[in-house]
Amino acid sequence: MPVYVVERNLPGITIDRLAEVQRAVLGVSQRFTVEGNPVRYIRCTYIPEESRCMCLFEAANVDIVEQVNEEARIPYTRVLEAIDIDPTS
């Protein structure tokens, strides 16, 4: 399945709020999967100095990833197809 990176600008976000964001996205992703639209939230990387956050998802297409983020009500700048290279594989 393709991997997508979701870019976010989250100025002023706290670590606690970032954890809430992750829980929201994870919950919506799990619901989508149960409903027949498989999507996997992989991980998030936050760069405090720039207030930027990059989250990785695995899904059949970009539309599913955008829908997950919109339903979770988490703002994002853009969603791009990416290549996630796991050094342990």
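Among all residues of region 47-69, there is none that is of a type in the set (S, T, Y), loosely packed, with under 11 Cβ neighbours inside 10 Å and modelled with pLDDT under 95.
So that you can scan it fast, the table gives a plain yes or no per residue for (1) modelled with pLDDT under 95; (2) among the β-branched types (V, I, T):
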{"position": "Y4", "(1), (2)": "no, no"}
{"position": "L10", "(1), (2)": "yes, no"}
{"position": "T14", "(1), (2)": "yes, yes"}
{"position": "G27", "(1), (2)": "no, no"}
{"position": "F32", "(1), (2)": "no, no"}
{"position": "C44", "(1), (2)": "yes, no"}
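A quick yes/no check of all residues on (1) outside any helix (DSSP H, G or I); (2) in contact with a Lys or Arg (Cβ under 9 Å, 6 or more places away or on another chain); (3) touching a residue at least 12 places away in the same chain (Cβ under 8 Å); (4) closer than 24 Å to I85 by Cα:
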residue: I13; (1), (2), (3), (4): yes, no, yes, no
residue: S29; (1), (2), (3), (4): no, yes, yes, yes
residue: T33; (1), (2), (3), (4): no, yes, no, yes
residue: R43; (1), (2), (3), (4): yes, no, yes, yes
residue: Y46; (1), (2), (3), (4): yes, yes, yes, yes
residue: F57; (1), (2), (3), (4): yes, yes, yes, yes
residue: V65; (1), (2), (3), (4): no, no, yes, yes
residue: N69; (1), (2), (3), (4): no, yes, yes, yes
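Scanning region 8-54 for residues that are out of contact with any strand residue (DSSP E or B) (no Cβ under 7 Å at 6 or more places or on another chain) and of a type in the set (G, A, S) yields G12, A19, A24, G27, G36.
The values are calculated or read from the model by the stated rules, or taken from the named source; none is laboratory data. A quick note: this is a predicted structure, and the numbers were derived from the prediction, not measured. A quick note on method: Cβ atoms are made from the backbone with ideal geometry, for glycine too, and the neighbour counts reach across all protein chains shown.
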